[in-house]
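Chemist: Please find one structure pasted underneath; my questions will follow.
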Amino acid sequence: MNLSSRPSIAVIILNYNGQHWLSAFLAGVVEHSHEWASVWVADNGSTDASFQVVEKQGQAKWLDLGKNHGFAQGYNLAIERIEADYVVLLNSDVEIRSSWLPPLVDFMESNADYAACQPKIKAQRQPSHFEYAGASGGYIDAVGFPYCRGRVFYTTEEDLGQYDSPADIHWASGCCLFIRRTAYLNAGGLDADFFAHMEEIDLCWRLLAQGFRLAAVPASVVYHVGGGTLAQSAPKKTFLNVRNNLMMLAKNMPGSHFLWVFPFRLILDGLGSLRFLKERGGISHVWAVIKAHWAFYALLPSTLKKRKAIAHKRADFLSPFLLVHRYFLQGKKTYAQLHKSKN
């Protein structure tokens, strides 16, 4: 692709007091992106020295959002203000080690029916393995539990090239989401009520319902630290994951599907919270699950209003099995085992 025919791309790093991550990784992002894209740091009202880090780096642009709007609304505001054909939502704790944009651009430019894609996401601290937040593409089971090619619940696989082929997926990771800006805006962007976690899956569900497709493009590789903003062990993360997953289902599932899924999920969430009792600090996580359900009910009226605004609702693309059954009872710990194939 020659320079004159290249689309415009904006790589947007949403930042809140992320001085440490910007110091560690921003230079690499700029080095391996500047020939293809502008690099922006959209700041959610940081009080640390983030601005000084960006100013010293020199080539990245600074967008001051004034206050902490959360992940979802922060990106909505940034993408409204930054014009480009494609935008990349890139976490501040992602390391870029080589040319990563060309495979993503080539795929999207060659496939107009795809709204978004993601690279292969590997663990920055254990590069031989996939990383939790996206791995080699995301999927959703019959009752709304997300999993990935390369990560099922908390089992992350070693990357042996088993998922190196491009593939249609159900959701692309928010830690590195390459998306057409018009598709993002026309779909309504990320749901600000989610604040953080699951919001990219909700957006991807709406894009699928509009007839778009989504892809994993493993020829592009990035390295994600994970937990850079909120640790995996934090009760708040448990709260957001449970509440937001229920909100996502209430918004996007057809009524006939949701009517049986919702009571079943209540049982599964209750049983699932019991495993926290075996862990140190487990009571705080059980309490987080309880509070998440209360918060879901409190937000249900506004969630149902959003549901009405979604013209089409789909569940036909969901994987036709219960992830908890295959994982915990049948011992199937990998994507290939779940699907009985190696694609």
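Chemist: Considering only the stretch 43-152, give the helices (runs of 4 or more DSSP H) lying wholly within it that have at least 3 residues that are free of Cβ contacts under 8 Å to residues at least 40 places away in the same chain.
Modeler: Of the helices (runs of 4 or more DSSP H) lying wholly inside the stretch 43-152, those with at least 3 residues that are free of Cβ contacts under 8 Å to residues at least 40 places away in the same chain span 50-57.
Chemist: Still on this structure: Looking at the stretch 33-71 only, could you name the residues that are among the small types (Gly, Ala, Ser) and surrounded by 14 or more Cβ atoms within 10 Å (Cβ to Cβ)?
Modeler: 33, 37, 38, 42, 45, 46, 49, 50, 60, 70
Chemist: Oh, and also: Could you tell me whether residue 53 is under 22 Å from the mean Cα position of the chain (by Cα) and among the β-branched types (Val, Ile, Thr)?
Modeler: So residue 53 fails the test.
Chemist: Would you point out the residue of the stretch 95-146, among those that are among the charged types (D, E, K, R) and under 18 Å from the mean Cα position of the chain (by Cα), that is farthest from residue 261 (Cα to Cα)?
Modeler: 95
Chemist: It is to be established whether one or more residues within the stretch 72-95 are at pLDDT 95 or above, surrounded by fewer than 23 Cβ atoms within 10 Å (Cβ to Cβ), in contact with a Phe, Trp or Tyr (Cβ under 8 Å, 6 or more places away or on another chain) and charged (D, E, K, R).
Modeler: Scanning the stretch 72-95, I find at least one residue that is at pLDDT 95 or above, surrounded by fewer than 23 Cβ atoms within 10 Å (Cβ to Cβ), in contact with a Phe, Trp or Tyr (Cβ under 8 Å, 6 or more places away or on another chain) and charged (D, E, K, R), so the answer is yes.
Chemist: Right, here's the next one. Could you go through the stretch 32-40 and let me know if any residue there is in a helix (DSSP H, G or I), without any contact (Cβ under 8 Å) to a residue 24 or more places away in the chain, more than 28 Å from residue 191 (Cβ to Cβ) and of a type outside the set (Val, Ile, Thr).
Modeler: No, that holds for no residue.
Chemist: Does residue 185 satisfy the criteria of being surrounded by fewer than 21 Cβ atoms within 10 Å (Cβ to Cβ) and farther than 25 Å from residue 74 by Cβ?
Modeler: no
Chemist: Could I ask something else about it? Looking at 332, 308, 291, 340, which is the one that is farther than 20 Å from residue 208 by Cα, surrounded by fewer than 11 Cβ atoms within 10 Å (Cβ to Cβ) and among the charged types (D, E, K, R)?
Modeler: 340
The values are calculated or read from the model by the stated rules, or taken from the named source; none is laboratory data. Remember, predicted model here, so these are calculated numbers, not experimental data. Positions of Cβ are backbone-derived with ideal geometry, glycine not excepted, and every protein chain shown enters the neighbour counts.
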